[in-house]
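The values are calculated or read from the model by the stated rules, or taken from the named source; none is laboratory data. Because the structure is a prediction, the values reported are computed rather than measured. As a convention, Cβ positions derive from the backbone with ideal geometry for all residues, glycine included, and neighbour counts pool all protein chains shown. Quick note on the areas: whole protein, heavy atoms, side chains included, nothing else; ligands and nucleic acids left out. Shrake-Rupley method; radii C 1.70, N 1.55, O 1.52, S 1.80 Å.
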Amino acid sequence: MALTQETVVDAAVRILRDFGLADLSMRRLARDLEVQVGALYWHVKNKQELLVEVAATLLNTPALGSPAGGAAVAGNDVAPAPAARGAILHLASSLHTMLLPIPDSAEVVHVARVLAPERLTPLARLTGLFAAAGLREDHAVSAQSLIVNHVLGSIAEAQNRADFDVAGADAPDFRWALERALDGLLPSAAAP
């Protein structure tokens with residue numbers, strides 16, 4: 001098999017899924033691909049770029065595409081506010097469900113958000129959905145950040161609880177908190 005950026009990123013995603021971020025080193029990746037470490041740098045500039053590509057691979061999937069019923073934002077097309085709220089709930093819940101079983105996925109996505117947010121299509125879509133619900137552009141960006149931080153923080157906390165075998169009734173209710181956050185964010189869209 002020829003070494004390409006795709007094979008490098010796919011192998012990195014496998015390591016992340018199977019072992020977590022602590023085992024995702026360039027050395028481990030080279031060993032798994034049976035190449036010298038230097039060969040990897042023809043395809044990714046550094047580990048940070050690799051993490052951006054891993055996050056993009058995790059997020060830019062059909063599973064995080066538009067929900068059934070067409071409540072979506074595509075290009076400059078926008079959904080009406082109630083449909084946008086439903087689409088936001090769907091997308092945020094789908095992000096949570098998809099990333100939760102992948103160790104350290106929240107940390108990888110956080111890094112990618114800082115380094116190359118434009119590579120994470122579903123997050124840009126969230127911003128568009130907030131705009132479709134009536135938020136100003138700057139508020140839509142802030143609302144997206146708030147919701148994504150809730151999603152990623154909930155994932156990190158649930159993974160930490162599992163790692164430390166901490167269960168109990170005090171575990172936060174992700175969906176309830178998400179809906180309450182949207183209750184606070186979206187009514188302001190109607191304000192002048």
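Can you tell me which of Leu58, Leu99, Leu33 moves the most in a GNM of the chain? Springs connect C-alpha atoms under 10 Å apart. Taking springs between Cα atoms under 10 Å, the residue moving most is Leu33.
Relative contact order for region 74-165: what is it in percent, counting Cα pairs under 8 Å that are at least 6 residues apart? Walk me through the numbers before you get to the answer.
Working: 70 pairs, mean separation 38.5, N = 92.
Relative contact order, region 74-165: 42 percent.
For the pair region 109-170 and region 4-31, the centres of their Cα atoms are 24 angstrom apart.
Derived scalar couplings between HN and Hα for region 135-141 equal 6, 4, 4, 5, 6, 4, 5 Hz in order, rounded to whole Hz, by the Karplus curve 6.51 cos²θ - 1.76 cosθ + 1.60 (θ = phi - 60°), x for Gly and Pro. Please identify, among Ala158, Ala167, Ala181, the residue showing maximal mean-square fluctuation in a Gaussian network model of the chain using a 10 angstrom Cα cutoff. Of the options given, Ala167 has the highest mean-square fluctuation.
The residues of the chain present an accessible area of 53 Å² per residue when probed at 1.4 Å with all protein chains retained.
Per the Debye formula on identical point scatterers at the alpha carbon atoms of the chain, with no solvent, log10 I(q)/I(0) at q = 0.11, 0.18 Å⁻¹ is -0.55, -1.16.
Just in region 93-192: which chymotrypsin sites (Phe, Trp or Tyr not before Pro) are loop by DSSP and have at most 11 other Cβ atoms within 10 Å?
Values: sites: Phe130, Phe164, Phe174, Trp176; in loops: Phe164.
Hits after loop and neighbour filter: Phe164.
In degrees from 0 to 90, rounded to the nearest 10, what is the angle of the helix 121-132 Cα long axis to the longest principal axis of the chain? The angle comes out at about 10 degrees. Helix 81-99 versus the longest principal axis of the chain: what angle, 0 to 90°, nearest 10, using Cα atoms? Tilt of helix 81-99: around 30 degrees. Residue-wise HN-Hα couplings along region 103-119, as the Karplus relation 6.51 cos²θ - 1.76 cosθ + 1.60 with θ = phi - 60° gives them from phi, are x, 6, 4, 4, 5, 5, 5, 4, 4, 5, 4, 6, 7, 7, x, 5, 7 Hz; Gly and Pro carry x.
Percent of accessible area on the chain owned by carbon and sulfur, 1.4 Å probe?
Values: 5750 of 10190 Å².
For the chain, the apolar C and S fraction of the accessible surface comes to 56 percent.
Springs between Cα atoms under 10 Å define the GNM used for the chain, and in it the highest mean-square fluctuation of Glu53, Glu34, Glu157 occurs at Glu34.
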